[in-house]
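The values are calculated or read from the model by the stated rules, or taken from the named source; none is laboratory data. Just so it is clear, the model here is predicted, and its values are computed rather than measured. Positions of Cβ are backbone-derived with ideal geometry, glycine not excepted, and every protein chain shown enters the neighbour counts. Only protein heavy atoms, including side chains, enter the accessible area calculation; ligands, DNA and RNA are left aside. Shrake-Rupley method; radii C 1.70, N 1.55, O 1.52, S 1.80 Å.
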Amino acid sequence: MINKTVKNAELAINGIQDGMTLMLGGFGLCGIPENCIDELVKAGIKGLTCISNNAGVDDFGLGLLLKNHQIKKMISSYVGENEEFERQLLSGELEVDLIPQGTLAERLRAGGAGIPAFFTPAGYGTEIQQGKEVREFNGKMYLLESWLKADYAIVKAWKGDALGNLIYRETARNFNPMMAMAGKITIAEVEELVPVGSLDPDQIHTPGIFIQRIFQGVNYEKRIEQKTVRKRV
Amino acid sequence: MLDKNGIAKRIAKEIKDGYYVNLGIGIPTLVANYIPEHINVILQSENGLLGMGPFPYEDEVDADLINAGKQTITTLPGSSFFDSAMSFAMIRGEHVDLTILGAMEVSEEGDIANWKIPGKLIKGMGGAMDLVASAKHIIVAMQHVNKSGESKLLPKCDLPLTGVKCVKKIVTELAVIDITPDGFKLIERAPGVSVEHIIASTKGRLIVDGDIPEMQLD
């Protein structure tokens, strides 16, 4: 039987080299591939272009790669929670390409779905429009946006099996499913690796065809960015 | 004059039964506190949730369950989770009935600027450009004037735009204003605020037609 399981994060990131383009799942710190990020820090791979909705915080998530000066360019929709990011951007060490969040999600989906470009209304009439083809459909204006692809996509799921079938949990799904489709090689880290056949086929979010390597992660911190609670009355 | 909660309270009156609503960060988030009990709405959070509930109790906090402002939240019965591409399909496909968001400036044509101040750090637009490009109905919640006392309701926006000709209604601490083909139109004034005060605080063209009623908040 096909078995895409690797033992740990160190083996999972094998082949990632300086200057490559990576996609990393997550929204804020929710649903990020913590184990692989730690391993990329240890491996010291540099000059990376990272496609991720956010850039982590100073001491967690992609912030760890930033602090270590391993990222050359970020492609994101919102990067406001990270002081080190600010510093590197202002000093010119870091390039950034900001993309409307829905356009980012659809460019990833398009990359995995074999659709080289599509029209979207987001950003029409703004500076995002610069250099892009504009076309009218039914009286409304749209911008042509192109697909995104990556050398490696790294995603985080809740449960997975040796065939690479994945189930995400709650809002930790976010960008992970589209990135899983858009990587030349996609690495999935899961909280729980379960036997093939134990996941209900009706409940699988990412079918295993999109995944090349999978492993069960360890020591998930799952840090909360904004803990908000209400009091019992 | 209204405080932030007053603005939220007034906007809540615009929400109709059965609406799917996306609330932005800041004053828009407060709107959820003032939706009357007999009005059933479903809140969409663009990071992948329909049916967002209130903040959790301490023992319910779940790191996998956050809103677009990265705050811990809860779900309500009948809620659903989905990925970011599907989330923005709901938004772009005009399935979300109402978007409420903040702004730095709005023009008399309904242009909105709320993501970038040149010379200051650029944090990114997040989902704002997708939301304003596609929502069927957009209400802006904001202060009428900025910290230097300058009007935020302008003939043309000075700041980089988030979207063009998209805002339909603005609720500020002073007034409710609609965007019409002829410019801003004063609809209601906040309790104790004079029409003259609103005119003086509005830089864009403001239509004042007849007697302007005071807002009814309760």
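Using a Förster radius of 56 Å, what is the FRET efficiency between residue A:72 and residue A:230 based on their Cβ-Cβ separation? Nearest 0.05, please. Computed FRET efficiency for residue A:72 and residue A:230: 0.85. Chain B against chain A buries an accessible area of about 4300 Å², both chains summed, 1.4 Å probe radius. Computed extension length for residue A:3-residue A:93: 28.3 nm, one decimal, from 0.36 nm per residue of separation with the Cα-Cα distance subtracted. In the range A:184-233, the residues that give up 10 Å² or more of accessible area when the other protein chains are added, compared with the chain on its own (1.4 Å probe), are A:222, A:224, A:225, A:226, A:227, A:228, A:229, A:230, A:232. Each principal axis of the range B:4-173 carries a Cα extent, and these read 45, 32, 31 Å when sorted largest first.
Close amide H partners of residue B:175, meaning residues 5 or more places away or on another chain with modelled amide H under 5 Å apart, are B:190. Note that the range A:79-166 carries a Kirkwood radius of 15.8 Å, evaluated over its alpha carbons pair by pair. Placing one identical point scatterer on every Cα of chain A and ignoring solvent, what is log10 I(q)/I(0) from the Debye formula at q = 0.10 Å⁻¹? With one equal scatterer per Cα and no solvent, log10 I(q)/I(0) is -0.47.
Peptides B:133-142, A:71-80, A:113-122 ranked from most to least packed, by the mean per-residue count of other Cβ atoms within 10 Å: B:133-142, A:71-80, A:113-122.
Each Lys and Arg contributes +1 and each Asp and Glu -1, all at the Cβ; summed about the Cα centre of the protein assembly as shown, the dipole is approximately 500 debye. Other residues lying with their Cβ under 11 Å from the Cβ of residue B:155 contribute a combined charge of -2, Lys and Arg counting +1, Asp and Glu -1. Split the accessible area of the protein assembly as shown by element, probe 1.4 Å, and carbon with sulfur accounts for 49%.
Using a probe of 1.4 angstrom and keeping all protein chains present, the accessible surface of chain B works out to 42 square angstrom per residue. D by Stokes-Einstein for the protein assembly as shown, Kirkwood Rh over Cα pairs, 20 °C, 1.002 mPa s: 93 µm²/s.
Applying the Kirkwood pairwise sum to the alpha-carbon positions of the range B:1-101 produces a hydrodynamic radius of 14.0 angstrom.
Summarise the partner chain shielding of B:89-101 as one whole number: the mean count of Cβ atoms from other chains within 10 Å of each residue's Cβ.
1
Using a ≥ b ≥ c from the Cα gyration tensor of the range A:10-120 (square roots of the eigenvalues), is it rounded, prolate or oblate, where a/c under 1.5 gives rounded and otherwise the larger of a/b and b/c decides, a/b for prolate? Here the range A:10-120 falls in the oblate category.
When the label point is put 7 Å from the Cα of residue B:16 along its Cα-to-beta-carbon vector, which residues of the range B:115-139 have a backbone N closer than 17 Å? Counting only backbone N, you get B:135-139. A loss of 30 Å² or more of accessible area (1.4 Å probe, protein heavy atoms, ligands and nucleic acids excluded) relative to the isolated chain is seen in these residues of the range B:47-69: B:47, B:55, B:57, B:58, B:61, B:62, B:63, B:64, B:66.
Each Lys or Arg adds one and each Asp or Glu subtracts one; over the other residues with Cβ under 11 Å from the Cβ of residue B:198, this totals -2. Across peptide A:170-183, the average count of Cβ atoms from other chains found within 10 Å of a residue's Cβ is 6. Which of A:138, A:35, A:68 moves most in a GNM of chain A, Cα contacts under 10 Å? In the Gaussian network model the winner is A:138.
Put a dot 7 Å past the Cα of residue B:147, heading toward its Cβ, do the same for residue A:17, and the two dots end up 5.0 nm apart.
Of the residues A:203, A:70, A:101, which exhibits the maximal mean-square fluctuation in a Gaussian network model of chain A defined by a 10 Å Cα contact cut-off? With Cα springs under 10 Å in chain A, the top fluctuation among A:203, A:70, A:101 is at A:203.
Structural descriptor for chain B: relative contact order 19 percent, calculated from alpha carbon pairs under 8 angstrom and at least 6 residues apart.
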